[in-house]
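Undergrad: Sharing a structure with you now.
Derivation of every value follows stated rules applied to the coordinates shown; laboratory data play no part. On a predicted model such as this, the values are computed, not experimentally measured, just so you know. Here Cβ is always computed from backbone atoms with ideal geometry, including for glycine, and neighbour counts include all displayed protein chains.
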Amino acid sequence: MATPSVLRAIRFSPRTATSTASCSRSRRFTTSTTLSSASSQMRMLIVGSPGSGKGTQSTRLLSHFSFTILSAGDVLRSHISRGTEIGLRADSVIKSGSLMPDDIMMSLIGSSITSLSSSDWLLDGFPRTLGQAQMLDAMLSSKSSDLQLVVNLDVPEEIILDRILNRWTHLPSGRVYNLTYNPPKTPGKDDITGEPLSKREDDNVETFANRLKSFHKQTEPMLQHYREKSGSILDIDCRVETDPQSVEEKGELFVNLRGDTSNQIWPHLLKIVKGRFPHLKPSQSSA
Ligand code: AMP
């Protein structure tokens, strides 16, 4: 059995692979990514199964640092609310719990990335498939601006189901509330604007089951792609490792943060983002 310190923060690499399931995956790692200087732009992905807290963690980061979040789900919801052609298609795709075609998603997110040019950005919910990852990598590499960090939020499914069923959203801003962990100050109302909160149509058990199925089928190959690209990965069990400062990092591209709640994961995420992108300015709300 692994020692507690190994369980807490495991760095998988081809040379240190052992017999555990996760480590055996790492035996196939063939390449390694060299990160550019620590002051390079923020080009980061936050990935994880539906309901793993991508939106919550991205919003928390945004309350600390000045950068841009591109949320694939929000882009699609904005098309739906504007009644565009893409929105009409996205509406039925989202309700059925499946995924939009890769080329449409790449063109939506790709044009947003291009318009951000040299700004710092984080992508939430894109890429979700291996095809999208390959298209994104090709686009970034043609601009000599490779990804710097891929954070996977690794949260158990039973916990996610509870979150989905208790989740209410302020649709115009994307602010999310959970009736158990993070209730609004006034029931049913957004804390900032006082506007009504809504239940997302895809936040129900049947759609959730479909979303999880498509997540595992489509997204796991994308995760594996970035694990392999990373060469070695940093895997932190945020449930037992409570002091982020004690976790040693080596600039791994792929960081897996395992936890039951967003509050467990958050301090680790904050420390990693601060360390990787020290040039980020404080956000106006935190200044
Ligand atoms: P999210 O808000 O990230 O949970 O996304 C809501 C829904 O939008 C997903 O369940 C998918 O149907 C669709 N969607 C979001 N991002 C993507 C993507 N990168 N590729 C395909 N479909 C997506």
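Undergrad: Starting from the Cα of S283, move 7 Å in the Cα-to-Cβ direction to define the label point; list residues of the range 145-177 whose amide nitrogen is under 12 Å from there.
TA: Those under the cut-off are 174-176.
Undergrad: So, one more: Take L116 and S198, extend 7 Å from each Cα along the Cα→Cβ direction, and tell me the distance between the two endpoints in nm.
TA: So the two model labels end up 2.4 nm from each other.
Undergrad: Hey, got the Cα dimensions of the range 27-172 along the principal axes, in Å, largest first?
TA: Result, largest extent first: 41, 35, 35 Å.
Undergrad: Could you tell me which of rounded, prolate or oblate describes the range 39-104, using a ≥ b ≥ c as the square roots of the eigenvalues of the alpha-carbon gyration tensor, with rounded for a/c under 1.5 and, failing that, prolate when a/b is larger than b/c and oblate otherwise? Mind showing how you got there, number by number?
TA: Numbers: a/c = 2.17, a/b = 1.90, b/c = 1.14.
The shape class here is prolate.
Undergrad: For a quick size check, give me the Cα extents of the range 230-271 along its three principal axes, largest first, whole Å.
TA: 28, 18, 16
Undergrad: Separation between the K185 and D146 pseudo-spin-labels, each 7 Å from Cα along Cα→Cβ, expressed in nm?
TA: A separation of 4.6 nm, rounded to one decimal place.
Undergrad: Bin by bin, in steps of 5 Å, what percent of the Cα pairs in the range 154-222 do you find, going until the bin that has the longest distance?
TA: Pair shares across the bins are 3, 16, 23, 21, 16, 12, 6, 3, 0.
Undergrad: Further, regarding this structure: Which entries in K143/K274; K54/K281; K185/K250; K54/K199; K229/K274 show an alpha-carbon gap greater than 29 Å? Walk me through the intermediate numbers first.
TA: Working: K143/K274 25 Å; K54/K281 21 Å; K185/K250 40 Å; K54/K199 17 Å; K229/K274 22 Å.
From K143/K274; K54/K281; K185/K250; K54/K199; K229/K274, over 29 Å: K185/K250.
Undergrad: Taking the convex hull of the alpha carbon atoms in the range 104-218, what volume per residue do you get, in Å³? Don't skip to the end; give the middle numbers.
TA: Working: hull volume 16.2 nm³, N = 115.
Expressed per residue, the convex hull around the Cα atoms of the range 104-218 is 140 Å³.
Undergrad: Right, next: Starting from the alpha-carbon convex hull of the range 166-287, give the projected area averaged over all orientations, in nm². Walk me through the numbers before you get to the answer.
TA: Details: hull surface 40.3 nm².
Taking the Cα atoms of the range 166-287, their convex hull projects to 10.1 nm² on average.
Undergrad: In what sequence, highest mean first, do 201-212, 129-140, 242-253 appear when ranked by Cβ atoms within 10 angstrom?
TA: Output ranking for 201-212, 129-140, 242-253: 129-140, 201-212, 242-253.
Undergrad: Further, regarding this structure: Taking the simple approach of a point 7 Å from Cα along Cα-to-Cβ for both D243 and A138, what is their distance in nm?
TA: Taking the simple label geometry, D243 and A138 are separated by 4.8 nm.
Undergrad: Taking a ≥ b ≥ c as the square roots of the eigenvalues of the Cα gyration tensor of the range 115-160, is the shape rounded (a/c under 1.5), prolate (a/b larger than b/c) or oblate?
TA: On the way: a/c = 2.87, a/b = 1.91, b/c = 1.50.
Cα axes put the range 115-160 in the prolate bin.
Undergrad: In the chain, what is the volume of the convex hull around the alpha carbon atoms, normalised per residue and reported in Å³?
TA: Details: hull volume 39.3 nm³, N = 287.
About 137 Å³ per residue, rounded to a whole number.
Undergrad: Report the residue, chosen from T169, T84, T68, that carries the largest GNM mean-square fluctuation when the chain is represented by alpha-carbon nodes joined by springs under 10 Å.
TA: Fluctuation is largest for T84.
Undergrad: If you take the beta carbon distance between L270 and S40 as r and set R0 to 22 Å, what does 1/(1 + (r/R0)^6) give as a FRET efficiency, to the nearest 0.05? Kindly include the intermediate steps, with their values, before the conclusion.
TA: Working: r = 19 Å, r/R0 = 0.86.
That pair, L270 with S40, gives E of 0.70.
Undergrad: Would you mind classifying the range 84-161 by shape? Square roots of the alpha carbon gyration tensor eigenvalues, ordered a ≥ b ≥ c; an a/c under 1.5 is rounded, otherwise it is prolate if a/b is larger than b/c and oblate if not.
TA: Numbers: a/c = 2.13, a/b = 1.24, b/c = 1.72.
Oblate, because a/c is 1.5 or more while a/b does not exceed b/c.
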